[in-house]
Structure formats: structure tokens, C-alpha cells
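The values are calculated or read from the model by the stated rules, or taken from the named source; none is laboratory data. Everything numeric in this text was worked out from a predicted model, so none of it was measured. Positions of Cβ are generated from backbone atoms using ideal geometry, with glycine treated the same way; all protein chains shown enter the neighbour counts.
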Amino acid sequence: MSESESTRHPFLQGLSRHRGTPPTVVVIFGASGDLTARKLIPAVYNLGFDNLLPADFFLVGYGRKPIPDDEFREIATQAIREFSRRELNPDVWRHIAANTSYVAGAYDDSAAFTRLAAHIAAIEQKLGRDVQVLFYVSTPPSVFAPIITHLGSSGLASRHLGQPHHSKIIIEKPFGRDLESARGLNHTIASVFQEHQVYRIDHYLGKETVQGLLVQRFANAIFEPLWNRNYIDHVQITVAEEVGVGTRGGYYEQSGALRDMIQNHTMQLLALTAMEPPVSFDAEAVRDEKVKVLKAIQPLDPAPGGDTARAQYASGMMGGKQVRGYLEEEGISPESATETYAAIRLCINNWRWQGVPFYLRSGKCMARRVSEIAIQFKRPPGTIFSESAHINLAPNTLAFQIQPDEGLGLIFNGKVPGLATRTQPVKMNFRYSTTFGSDTPEAYERLVLDAMTGDGTLFIRGDETEASWQLYTPVLEAWTAAGRKGMDAYAAGSWGPASSDALLAADHHNWR
Ligand code: NDP
Ligand code: BG6
């Protein structure tokens, strides 16, 4: 046993033995940013706490602002104190902090990338072993392309290519802003990296309940026979947020609900709900099925009265307080045509789903924070229980509660105890917190770990992003051309605009 191994803290003696991960350097571009502080540093720390980091692990921050190593370690310590799901354990953090450093440089400066390469080579030399490098691009999207290009020209992208410890890259969202820009970004990536090196993030895929959805769907025999147009009436996918745009007005004005949430997060939920069973849980098998189902979606009609609704929140009451409307928010133009709410009706043109509408909605400043997938089943045929004052029947609904109060609920009709025949919808509930407790890893922990170990199952493939943009680009173009015409409003703290209700009412449905 080498000296470094014998003195290693027990918390850090983990992954390389259990899962074969080589010594790893994680380089975060945009390391002084919000995401790094709130999610990435805490994720690394919690992986360390759980003994899941490789025994030889190095964290390198990169950014334009010069930050001495000590100061970066202090910033990271504060981030853990403020944002980690676990309290800072000095023993765990000391070991990670000892291997934490910072490289300053612009994102388009060849000399700075040469310095970064030398920094990594020095780590390798000191360790006496090769390291794999995981680049995490956590900057605004305007600098994604220069970073990727310079990783290519500096040789950093192709380090140890052909071996298991080749370089890998995680790319944050948004992945493009329409089909053309997504194709352009895929093209830039493909000119530097091979697809198996690339991990496009959608943090919803890292959520425990989203992975739970796959297990609940494919590890239980009762659902599959019902999972089709013969039994399912329609599907509702809701990602509602209580927060408004807050301090992110500058970003949000250029984005809107369709780009920020629908095109990525809700479409991932849809793909996992509607895809065919993959032949295995291998990354390619799962992603092949997701792409197939995305490609089977019929083009959307973006005209008013068609398949979409969009709206902005107006002032309203939330938590007993008056909240201002989107157009009054800081950094937002009073003429803004950016939607804070979007609803979509889509049809999947394949054997399993033809004729089953899928309704998607997402909005800011809504009545409650809730993300769920609700599968509504058809009513029983010619029921012997005809509706009356005593007979209250609801369609069976299976609801995957993604967050909060994570779980799975089934609504069915039960008999009210008593001598009269009275029925009432009742709910059978499974809750993660009551069954498993609440110590659940955060999405970014799972995703950083998977990228380190080379598992791309929970990341988006290039063709997947393009399939989704192909669907939504015509909608965005139509909305841009219409400007504010057709933009609805909803009171902050409500469940969304009337036009969204009308979308479902046209099919004799309503939102849950
Ligand atoms: P920030 O705006 O905090 O930027 C991150 C860092 O990038 C900054 O600290 C700065 O570092 C550098 N930077 C900022 N603006 C520019 C610019 N115009 N040109 C070059 N460099 C710049 O971003 P976030 O940390 O909030 O987000 C990072 C990425 O993660 C984005 O792609 C975002 O869309 C995505 N994301 C963020 C979420 C969040 O909650 N924050 C959630 C989901 C995704 P320096 O000056 O040191 O170079
Ligand atoms: C991000 C969006 O991708 O997801 C934000 O940019 C949104 O606008 C966030 O608030 C929601 O994520 P979560 O995990 O809090 O549901």
C-alpha cells in the first residue's frame, strides 16, 4: 500500500475500488457562478461524504476572474455550508479541498487552455498515474462553443482517447434555442468530441423520482398491459413552479417557458412515460427508444385554437402577499412577448398511443409547486353504477408525483361503508419519505457520478435534442411572428390561463 493510500481518509476510499473509476479531475468552467455554488460543489461534497468519489479526486475551477486557490476553497466551503443537503463535515471536505485548485483564463484564450493542460499534466505527474478529466461547462451558453473549440485545439478533448479514462464533457442547458442552433452546437461538439464522450444535462433525469418512474413502469407487470390507447384516455404532465423570474429576468426574457421547461424537462418526462420498453438499461438502448417516440409526435398547430396556449403572469396574491406581474418585474420590457406559462397538446402517432392526447403545461408563479405525470384511464364501459346523488365516480388516475411529496398515487372508486350503496373516489398512496426516509441524493449528485463512471443513460443524446427542437421550433417561430397577439394572462398564484383550460375543454377534459 502506498503512503498516500495508507493515510487516506476512510470517507474517500470508495469508488475506485467499487466501480472502477480511475483517478479523476473535474474541471468546472464558470466556477464562480450560481450553479457551481448552489449545485455542483455541494454535489461533489455529498459524493465524497457517501464514499463515491474516486480515491484520487481533483477539483479544478476555471473562470475569467483571477481567484487564488485558497480563496476558491473558501468560496467552495461557504457553498457547502449554505447549499449542501448535509452539514459540512470537516474531515470529508478537508480531503477534497486539499486537491482543489483554480485556473484563471478567458474562455477563448488559447494560452489559458495551454495553462489548463499543463495544470492537469502536473496533477498526473505528481500522482504518477493517468487521470481522466471530466469538463463541466457551467457558463452562459454564449461561450459553450469557444470552450469546446479550445478543448479541441489544446488537445484536452482527446486525452487518452481510445482508453476507458478518456476525457468527458458535461454540457449544461440550454442546448441551443431552436433547431438550427442546436444543430450548430451538435456540429461544434462533433468536430471535437466523439458522442460517447458527451453528456448533455437535463437535471430532471437525475431526480430520484424520474428514475423511479422507469422502475415503476418496467419492473411491475401490472402496468404494461394497460399502458396503451385501449385503456388510457389521456396523459397530463405538469411542471408548475411557485417562483417567478426573480433575479433571472435577463436570461428569462430571451428564453420563456417553452424553451426553459417544456422543450427539455417536460419532454423528458413525456419520453420516459411514452417510450417502448428498451431492450436493456444500456444508455443507447434507452436513448434509442426516447428518440423513436419523440420522432413519432405529430407536428403541432401553433395557431390560436390549435395545440398550444401561452400566457404571462399578472399581479396576484401568493402566500398572502401581493406579487407583481411579469411585465413589472426587474429587467423585463413592459412590451415583452415572452411567455411565463405554456401548455401543449400533442399526439403520438404510433401503434401504442394513437388517439391518446398528451397535455403538457409549465409555468412560473403558479398556485403550488408540483411536478407530476398523471395517467388518466378510460371509464368502465356501461357502468352498472349510474351517476346519482349517491354515486360519485372518478376515472382511475395513476399519478407519478415527481416533486414535492414524491410518490405514486392511484385514484379508484370505493364504496363508502354503510347500508346504502354509495361510492366515492379514494386514493392509494406510496410516498418515498414514509417508506424510504428523506435522505435522497440530489439530481446533480447522480449526474456527476454517472458522467464520471461513463454512464450516459440519464443524459441527452444529440439526436434527441434535435428531435425535440424539430417539434417546437415552428411553434416558437409562430409565437415570435405573432408578438403579443394571442398572449393570455393569469393571476400570479393561480393555476394558469383560461386558454390553457380551453385546450383541454375542446377534448372534453380538464386539468386535474
Ligand atoms: P452564471 O450567470 O452565474 O455564470 C457562470 C459563470 O460564467 C460566471 O460566474 C462567470 O464566471 C461566467 N460568465 C458569466 N457571464 C458570462 C459571459 N457573458 N461571458 C463569459 N462568461 C460569463 O450562470 P449559472 O451558474 O447560473 O449557470 C451556468 C449554466 O448552467 C448556464 O448554462 C445555465 O443555463 C445553466 N443552468 C443554471 C441553473 C441555475 O440554477 N443557475 C439551473 C439550470 C441550468 P467568470 O466571470 O469567472 O468567468
Ligand atoms: C431550470 C430552469 O432548468 O429548472 C428554471 O431554468 C427552473 O427556470 C428550474 O426554475 C426548475 O428546476 P427544479 O429542479 O427546481 O424543478
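Go through (1) outside the structural domain of Gly456 (by the TED database); (2) in a loop (DSSP other than H, G, I, E, B) for Arg229 and report which single condition fails.
(1)
Identify, by number, the condition in (1) surrounded by 13 or more Cβ atoms within 10 Å (Cβ to Cβ); (2) away from ligand 1 (no atom under 16 Å from the Cβ); (3) within 37 Å of the chain's Cα centre (by Cα) that Tyr444 doesn't meet.
(2)
Could you list, in sequence order, the residues of the stretch 171-210 that are more than 16 Å from ligand 2 (Cβ to nearest atom), in a loop (DSSP other than H, G, I, E, B) and buried (at least 22 other Cβ atoms within 10 Å of the Cβ)?
Within the stretch 171-210, Phe193 is the sole residue that qualifies.
Tally time: how many residues in the stretch 325-350 are in contact (Cβ under 8 Å) with a residue 24 or more places away in the chain and over 27 Å from the mean Cα position of the chain (by Cα)?
2
Here is a list: Val293, Val356. Which entry is out of contact with any helix residue (DSSP H, G or I) (no Cβ under 8 Å at 6 or more places or on another chain), of a type in the set (A, V, I, L, M), within 27 Å of Phe400 (Cα to Cα) and modelled with pLDDT of 95 or more?
Val356
Please note which strands (runs of 3 or more DSSP E) are completely contained in the stretch 369-479 and include at least 2 residues that are within 16 Å of ligand 2 (Cβ to nearest atom).
The strands (runs of 3 or more DSSP E) meeting that bar are 370-377, 397-403.
Quick check, is Arg38 at pLDDT 95 or above, within 12 Å of ligand 1 (Cβ to nearest atom) and more than 26 Å from the chain's Cα centre (by Cα)?
no
Of all residues in the stretch 255-311, which are surrounded by 17 or more Cβ atoms within 10 Å (Cβ to Cβ), among the β-branched types (Val, Ile, Thr) and either assigned to a loop (DSSP other than H, G, I, E, B) or in contact with a strand residue (DSSP E or B) (Cβ under 8 Å, 6 or more places away or on another chain) (or both)?
Ile262, Thr266, Thr273, Val293, Ile297, Thr308
For the stretch 226-259, name all the residues that are among the β-branched types (Val, Ile, Thr) and within 15 Å of ligand 1 (Cβ to nearest atom).
Selection gives Val239, Val243, Val245, Thr247.
Let's see how each residue does on (1) under 18 Å from Arg368 (Cβ atoms); (2) within 34 Å of the chain's Cα centre (by Cα); (3) modelled with pLDDT of 95 or more:
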site	(1), (2), (3)
His390	no, no, no
Pro395	no, yes, no
Leu398	no, yes, yes
Gln403	yes, yes, no
Gly414	no, no, no
Ala420	no, no, no
Val426	no, yes, yes
